[in-house]
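Let me give you the structure first, and then I'll get to my questions.
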Amino acid sequence: MNLEFTLDLLVRLLATPSPTGFTDAAVALLEAELRALGVTPQRTRKGALTWEVAGSGAGHVTFSGHVDTLGAMVKEVKGSGRLRLWALGGYDWATVEGEDVLVHTQSGVTLSGTVVNVRQSTHVHGAALRDLKREAAVMEVRLDERVCSERDVRALGVQEGDFVSFDARPRVTPAGYVKARHLDNKAAVAVFVAVTQALLSAPAAVTAAFHVTTYEEVGHGAATGIPPHTDELIAVDMAAVGEGQSSSEHCVSLCVADGGGPYDHALGNRLRAAARAAALDLRVDIYPYYASDGTAAWHAGGDYPVALIGPGVDASHAYERTHTDALRATGELMLSYLRSAGRS
């Protein structure tokens with residue numbers, strides 16, 4: 001897998017706003033990258049993107065990831081000229097306090113602003129700021145415009161239902177760390193394109209399909225659109241790093257169970273074997289407050305085994321971080337699995 005290619009695409013993808021429900025620009029970027037490789041992707045009617053690379057033998061493995069991210073919508077234009085938000089995805093409000101945002105209006109005008117709370121100044125509110133519980137009712141967007149009333153804001157074209165994206169702030173450090181919002185799950189999607197590039201040069205034993213969904217953060221991304229001839233589904237998402245977890249920013253992880261229950265044991269064992277064959281340090285973990293596109297596919301009636309893998313990501317659903325080691329290992333595990341023979 002070409003790591004330089006992966007990082008270049010990842011940074012550009014991270015810089016493209018795509019909160020759930022507002023993903024067209026990110027999907028278009030992926031389409032352009034794939035066509036440059038000679039691959040013709042297909043959009044589903046739901047807005048997901050699917051493509052395949054034919055294998056040299058029988059079998060069909062689908063990898064599912066998502067390009068939609070956490071974000072918000074305008075819930076209310078307040079009399080003060082501030083905007084009340086409606087969260088898209090499961091994050092704590094404290095993790096976005098102070099973050100720069102873009103408000104995407106219906107007219108096509110994009111306005112910048114910052115997420116603040118209603119008692120943001122310690123010099124004004126003192127201890128009341130420290131004691132304030134961060135929740136939707138006390139968080140608002142301060143627009144970078146000369147506005148002080150609801151009328152001023154509406155004159156700019158802002159209205160309820162406008163999408164709000166958080167500044168991803170992508171950075172690649174000299175030590176190989178990748179810092180950004182929304183590594184969940186653009187890291188996996190960039191790896192998908194790099195793995196596609198590798199497969200075009202050296203086909204695998206089975207056909208590989210890639211399904212990039214656009215509603216995972218709200219729970220139903222892969223409920224539709226998985227290719228009907230899928231024999232196995234491998235969801236690729238972030239592996240949450242933290243206390244009590246074995247996952248690492250430098251490794252790829254196999255999630256054997258999450259909030260939706262256990263994943264397929266036999267498929268998980270085949271992935272363990274592929275990791276051993278590629279000499280990868282595969283971490284095994286359980287994420288109790290987590291669900292994936294694999295869970296959504298199963299809940300929708302998918303009749304195939306499902307497993308979940310992904311690069312280790314620290315500070316999930318906040319300002320996240322991973323390492324190029326984990327990106328490389330995730331791609332190498334996918335390639336090793338596809339090129340392995342004699343799976344049962």
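Taking interchain pairs and intrachain pairs at least six residues apart, which have beta carbon atoms under 7 angstrom, with the first residue in region 304-317 and among the aromatic types (Phe, Trp, Tyr) and the second in a strand (DSSP E or B)?
Here the result reads TYR304/GLU232; TYR304/LEU233, each pair linking region 304-317 to a residue that is in a strand (DSSP E or B).
Test ASP293 against the criterion of being of a type in the set (Asp, Glu) and touching a residue at least 60 places away in the same chain (Cβ under 8 Å), and give yes or no.
Against the criterion (of a type in the set (Asp, Glu) and touching a residue at least 60 places away in the same chain (Cβ under 8 Å)), ASP293 qualifies.
All but one of (1) assigned to a strand (DSSP E or B); (2) without any contact (Cβ under 8 Å) to a residue 12 or more places away in the chain hold for GLU52, so report the exception by its number.
The single condition GLU52 does not satisfy is (2).
Here is a list of conditions, (1) assigned to a strand (DSSP E or B); (2) farther than 20 Å from ARG181 by Cβ; (3) of a type outside the set (Lys, Arg), and VAL103 meets all of them except one; can you say which number that is?
Against the list (1) assigned to a strand (DSSP E or B); (2) farther than 20 Å from ARG181 by Cβ; (3) of a type outside the set (Lys, Arg), VAL103 comes up short only on (2).
Also: What single numbered condition from (1) in contact with a Leu (Cβ under 9 Å, 6 or more places away or on another chain); (2) buried (at least 18 other Cβ atoms within 10 Å of the Cβ); (3) on the phi < 0 side of the Ramachandran plot fails to hold for HIS66?
Checking HIS66 against (1) in contact with a Leu (Cβ under 9 Å, 6 or more places away or on another chain); (2) buried (at least 18 other Cβ atoms within 10 Å of the Cβ); (3) on the phi < 0 side of the Ramachandran plot, the one that fails is (1).
Do the conditions hold for GLU249, that is, is it under 26 Å from ASP92 (Cα atoms), surrounded by fewer than 20 Cβ atoms within 10 Å (Cβ to Cβ) and among the acidic types (Asp, Glu)?
no
Would you check if there is a residue in region 327-338 being without any contact (Cβ under 8 Å) to a residue 12 or more places away in the chain and farther than 20 Å from GLY244 by Cβ?
Looking through region 327-338, none of the residues is without any contact (Cβ under 8 Å) to a residue 12 or more places away in the chain and farther than 20 Å from GLY244 by Cβ.
For ALA222, which of the numbered conditions (1) closer than 29 Å to VAL116 by Cβ; (2) part of a helix (DSSP H, G or I) fails to hold?
Condition (1) is where ALA222 drops out.
While we're here: For region 40-81, how many residues meet the condition of being more than 22 Å from the chain's Cα centre (by Cα) and outside the structural domain of GLU97 (by TED's automatic domain parsing)?
The qualifying residues number 9.
Next question, about the same structure. Can you find a residue that is under 26 Å from ALA155 (Cβ atoms), in the same structural domain as SER149 (by TED's automatic domain parsing) and part of a loop (DSSP other than H, G, I, E, B) anywhere in region 82-95?
Yes, region 82-95 has at least one match.
Related question: Does region 110-152 hold any residues that are crowded, with 16+ Cβ neighbours inside 10 Å and of a type in the set (S, T, N, Q), and which are they?
THR114, ASN117, GLN120
Among the residues of region 84-94, is there at least one that is in contact with a Phe, Trp or Tyr (Cβ under 6 Å, 6 or more places away or on another chain), modelled with pLDDT of 95 or more and basic (Lys, Arg)?
no
Look at region 136-158 and say how many of its residues are of a type outside the set (S, T, N, Q) and in a loop (DSSP other than H, G, I, E, B). Please lay out each step first, then the result.
First pass over region 136-158, keeping only residues of a type outside the set (S, T, N, Q): 136-148, 150-158.
This time we only want the ones that are in a loop (DSSP other than H, G, I, E, B), so: 144-148, 156-158.
Adding up the residues that qualify gives 8.
In this structure, does VAL206 turn out to be closer than 17 Å to THR62 by Cα, surrounded by 21 or more Cβ atoms within 10 Å (Cβ to Cβ) and in contact (Cβ under 8 Å) with a residue 60 or more places away in the chain?
Taking the combined requirement at face value, the residue satisfies it.
Could you list, ordered by first residue, the pairs with Cβ atoms under 9 Å in which the first is in region 125-136 and assigned by TED's automatic domain parsing to the domain that holds GLY90 and within 20 Å of LEU85 (Cβ to Cβ) and the second is acidic (Asp, Glu) and assigned to a loop (DSSP other than H, G, I, E, B), at least 6 apart or interchain?
Qualifying pairs under 9 Å: ARG134/ASP92; ARG134/GLU97.
Can you tell me which residue within region 228-243, out of those that are over 15 Å from the mean Cα position of the chain (by Cα) and acidic (Asp, Glu), is surrounded by the most Cβ atoms within 10 Å (Cβ to Cβ)?
That would be GLU232.
A follow-up question, please. Select from region 264-286 the residues that are closer than 23 Å to TYR177 by Cα and either surrounded by 24 or more Cβ atoms within 10 Å (Cβ to Cβ) or among the β-branched types (Val, Ile, Thr) (or both) and list them in ascending order.
VAL284
The values are calculated or read from the model by the stated rules, or taken from the named source; none is laboratory data. As the structure is a prediction and not an experimental result, all values here were calculated from the model. Glycine also receives a Cβ, built like all others from the backbone with ideal geometry; neighbour counts cover every protein chain displayed.
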